[in-house]
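A.B. asks: The structure that follows is given in the form of structure tokens.
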Amino acid sequence: MVHQVIYALRGWIAFVAFIDLGMAVQCFLDADSFLGSQLYTAGDIAEHVNPAMSRLLGTHRILSALIMTHCALCIHHKPILSMAVCSCVLTIAANGTETLWYRTAPINFYTLFPVAIAAVTIVGLCIAPTFLKSPEVEAEEETHLLKLGLPRRKCWNKKRT
């Protein structure tokens, strides 16, 4: 039986995947002005932003959305869980370095929102294993429930009298 926290976490991860997919679509559809007018606005960097940067960020967001979707569907697999954590860490690192190290993006909604979403997701992904059962225990419980729910075994090979 899956714990209620896992259901909520799967919904949150699906929401994060939807947000990433929405940002990817925005990067691809509005490639000429999205990054220059919303994200990379610190100093005179906005005039140096080209559509290739927007497509690159869009591709990163599509990959992140795919990883999050797989995590929402297969949260009980630890390698997929760790890939989702790595994806969130990469999002925080990318936005953090652009804001704090390179100073190409100011601290605003477009840099803080993905960082906050990724940080909350990391916390959820780190507590998820405490609510997940190991596959062996889950299979044993399922076998036990099947044994309880099925009628007793009859011997069909005996002649009927």
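Laboratory data are not the source of any read-out in this text; all were calculated from the coordinates shown. From a predicted model like this one, the values you see are computed outputs, not experimental measurements. Don't worry about glycine lacking a Cβ; one is built from the backbone with ideal geometry, like all the others, and counts go over all protein chains shown.
A.B. asks: Just to confirm the filter: which chymotrypsin sites (Phe, Trp or Tyr not before Pro) across the stretch 1-110 are DSSP coil and have at most 12 other Cβ within 10 angstrom of their Cβ? Before the final figure, lay out the partial values.
C.D. replies: Values: sites: TYR7, TRP12, PHE15, PHE18, PHE28, PHE34, TYR40, TRP101, TYR102, PHE109, TYR110; in loops: TYR40, TYR102.
Passing both the DSSP loop test and the Cβ count: TYR102.
A.B. asks: So how much slack lies between SER82 and ALA8, counting 0.36 nm per residue of separation and subtracting their Cα-Cα distance, in nm?
C.D. replies: Details: separation 74, 0.36 × 74 = 26.64 nm, distance 1.84 nm.
Stretched fully, the SER82-ALA8 segment lengthens by 24.8 nm.
A.B. asks: Exposure proxy check: LEU39, LEU81, LEU56 ranked by fewest other beta carbons within 10 Å?
C.D. replies: Working: LEU39 24, LEU81 20, LEU56 12.
Placing the least packed residue first, the sequence is LEU56, LEU81, LEU39.
A.B. asks: R0 = 25 Å: FRET efficiency of THR130 with PHE15, Cβ-based, nearest 0.05? Numbers along the way, then the final one.
C.D. replies: Working: r = 21 Å, r/R0 = 0.86.
Calculated value: 0.70.
A.B. asks: Report the gain in length on full extension from LEU56 to LEU73: 0.36 nm times residue separation, minus Cα-Cα distance, nm rounded to one decimal.
C.D. replies: Values: separation 17, 0.36 × 17 = 6.12 nm, distance 2.61 nm.
Fully extending the segment from LEU56 to LEU73 adds 3.5 nm.
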